[in-house]
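The values are calculated or read from the model by the stated rules, or taken from the named source; none is laboratory data. Here the structure is a predicted model, which is why all the values come from computation and not from measurement. Every residue, glycine as well, gets a Cβ built from its backbone with ideal geometry; the counts of neighbours run over all protein chains shown.
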Amino acid sequence: MDHHFVGIPELTDVPRVAVVIDVMRAFTVAAWAFSRGVEKIVLASTEREALELKESRPGWLALKDGAPAAGFDAVNSPGLLRSAEFAGRTLVQKTTAGTVGALAVADAPLVLCASFVVAGPTARFLRSQEAGPVTFVVTGEDGRADEDLACAEYIGRRVDGDGVDAAPYVHRARSSRAAAELAAGLRSGYHPDDVGLCLEVDRFPFAMAARQEGPLTVLRPVAVPDSDRPGRS
């Protein structure tokens with residue numbers, strides 16, 4: 001199938017089906033948050049909006065890129081998030097690339113947010129919807145981030161058929177600039193396990209769909225049948 005792979009600056013029209021990719025780390029973190037009990041994730045356009053949403057809704061939490069900051073409850077790191085308990089909570093997320101990409105296509109009829117940890121379920125969900133050509137939004141480095149492009153291409157191949165070897169795509173992601181920067185501790189809000197956690201294929205059994213709920217763009221997990229889940233890479 002003729003999928004499209006674009007960076008955020010290349011988005012000119014509203015796609016019919018969009019899959020927004022951020023491997024390191026926004027949509028790996030989002031998946032971990034759902035696994036720790038988060039009910040929904042509200043995507044914010046600015047840190048100020050994230051804090052305002054949190055302050056106006058009792059019990060909501062806020063997460064951002066970078067180092068810990070006043071008012072924020074978590075940072076954009078799967079390693080730091082994996083032991084948290086968020087049962088039933090709402091998380092407001094603002095990151096440099098992932099949330100920006102999702103908000104850029106928020107008006108599309110179908111928007112999924114993805115990374116390697118939900119790659120297989122995302123592909124199976126797209127097949128179950130008989131979705132036509134997919135626009136993959138490669139959020140990092142204006143569409144040039146190899147970890148995001150590798151994940152997008154892997155999901156695209158799995159939409160088109162089973163039996164795709166994840167190893168070459170994971171290798172590309174592991175060799176990316178983002179992975180090197182994370183491994184060297186050059187990004188704030190970092191845990192030493194972040195790179196490995198971002199490269200686990202099909203860690204979680206759900207896809208993640210973003211929809212408009214009133215004035216908010218809300219990300220929720222979507223159950224997907226586990227019909228062709230491969231072993232983890």
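Within the range 35-68, work out how many residues are modelled with pLDDT of 95 or more, in a loop (DSSP other than H, G, I, E, B) and under 22 Å from Met24 (Cβ atoms).
Total meeting the criteria: 5.
Cβ-Cβ under 9 Å, sequence separation 6+ or interchain: first residue in the range 21-32 and closer than 18 Å to Ala104 by Cα, partner crowded, with 24+ Cβ neighbours inside 10 Å and of a type in the set (Phe, Trp, Tyr). Which pairs?
Ile21/Phe27; Ile21/Phe136; Val23/Phe116
List, please: which pairs have Cβ atoms under 7 Å, are six or more places apart or on different chains, and start with a residue in the range 63-84 that is within 21 Å of Leu53 (Cα to Cα) and end with one that is of a type in the set (D, E, K, R) and part of a strand (DSSP E or B)?
Lys64/Lys94; Phe72/Lys64; Val75/Lys64; Asn76/Lys64
Condition check ((1) surrounded by fewer than 18 Cβ atoms within 10 Å (Cβ to Cβ); (2) touching a Ser or Thr at 6+ places or on another chain (Cβ under 7 Å); (3) among the basic types (Lys, Arg)) across all residues:
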| residue | (1), (2), (3) |
| --- | --- |
| Val17 | no, yes, no |
| Asp22 | no, yes, no |
| Phe34 | no, no, no |
| Glu55 | yes, no, no |
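So, in the range 157-197, how many residues would count as being modelled with pLDDT of 95 or more, small (Gly, Ala, Ser) and in contact with a helix residue (DSSP H, G or I) (Cβ under 8 Å, 6 or more places away or on another chain)?
Residues that pass the stated criteria total 6.
Looking at the range 84-139, which of its residues are in a strand (DSSP E or B) and farther than 18 Å from Phe206 by Cβ?
Result: Val92, Lys94, Thr135, Phe136, Val137, Val138.
Taking the residues in the range 108-161 that are aromatic (Phe, Trp, Tyr) and over 13 Å from Val20 (Cβ atoms) as candidates, determine which candidate is surrounded by the fewest Cβ atoms within 10 Å (Cβ to Cβ).
Among residues in the range 108-161 that are aromatic (Phe, Trp, Tyr) and over 13 Å from Val20 (Cβ atoms), the one surrounded by the fewest Cβ atoms within 10 Å (Cβ to Cβ) is Phe125.
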